[in-house]
Structure formats: structure tokens, C-alpha cells
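Notes for the one structure printed next.
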């Protein structure tokens, strides 16, 4: 199984910690082929995920990044479009996409939500979500059944 990890590099420290958490989960699950694709920021994650999903090379995509609130409305637009875009990729392609984009008010809140932080590991959770959805897809595909009522 191959998994793409799309990483928004705007906050390098956070990007590295998010990726470390995701890779730890993927490795523990036996995924040995992980390919990373870097983009400048979270706004570019949906297109990177789309390219990876549509390539046919990956069973799942994990999207990682951080958006920290500033003084303008930019935060609202980037958060909304990153979430909407990543979700649209998985819905249109059928390739599970884990959403590991931090949307926080401060750098301290972000650091608490990555590998080594004291809240949770968002990168790990995104990888777990992608793998869980992939497993659901596999389970549903292995037992094809006719829909509707039996006619016998």
C-alpha cells in the first residue's frame, strides 16, 4: 500500500512535527511506501491532494499543515477552503484523505497539537483517519451484495 503525505510548509516546525506523527502511525500500520509532497501553505493542499489521488498511485492521502489566526480575515478563508477542498477531493476521487490541518489562534495552541505536544497529535490522527476510511472502503468492497429485497 502506498500513501501520499501532502505537507504545507508555511510553518516549518509544525509541518515537521505533523509529518513525524503521521509517519509513526503509517509505519506502525505496516505502510512502507510513503511519499511526501510539499506545498507552500494550507490553501494549496487540496490541489496537491487532488494530484496525488488522481495519479492512481496512492491508496490514501494525508494532508498536513497549520493556519494560525492573524489580524485579518485571511485565516477564515484559508481554513474554510482547505477543509472544503480536501473533503471534495476524497468525495470526488474515492481516495480517503486525512485532514491534519491545525486551525488555531496561537503558535502555542499549535505546538500543543502536534507530535510531542500536550494535547493531541493531529498528524497521527489524520493518518489514523485515512487508514480507517481505507479499511472501511476495503471491507465494503470485499462483500458485494445486491441492494433491495430478496425476490425468492
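The values are calculated or read from the model by the stated rules, or taken from the named source; none is laboratory data. Everything numeric here is computed off the predicted structure, so don't read it as measured data. Every residue, glycine as well, gets a Cβ built from its backbone with ideal geometry; the counts of neighbours run over all protein chains shown.
Please go through segment 84-105 and pick out each residue that is within 21 Å of residue 124 (Cβ to Cβ) and surrounded by fewer than 18 Cβ atoms within 10 Å (Cβ to Cβ).
If the condition is that a residue be within 21 Å of residue 124 (Cβ to Cβ) and surrounded by fewer than 18 Cβ atoms within 10 Å (Cβ to Cβ), then 87 is the only one that fits.
Residue 113 - would you say it is in contact with a strand residue (DSSP E or B) (Cβ under 9 Å, 6 or more places away or on another chain), in a loop (DSSP other than H, G, I, E, B), surrounded by fewer than 16 Cβ atoms within 10 Å (Cβ to Cβ) and at pLDDT 95 or above?
Working: in contact with a strand residue (DSSP E or B) (Cβ under 9 Å, 6 or more places away or on another chain): yes; in a loop (DSSP other than H, G, I, E, B): yes; surrounded by fewer than 16 Cβ atoms within 10 Å (Cβ to Cβ): no; at pLDDT 95 or above: yes.
No.
May I ask you to say which residue of 25, 31, 61, 67 is under 16 Å from residue 124 (Cα atoms), assigned to a strand (DSSP E or B) and either touching a strand residue (DSSP E or B) at 6+ places or on another chain (Cβ under 7 Å) or touching a residue at least 60 places away in the same chain (Cβ under 8 Å) (or both)?
Every option except 61 fails the conditions.
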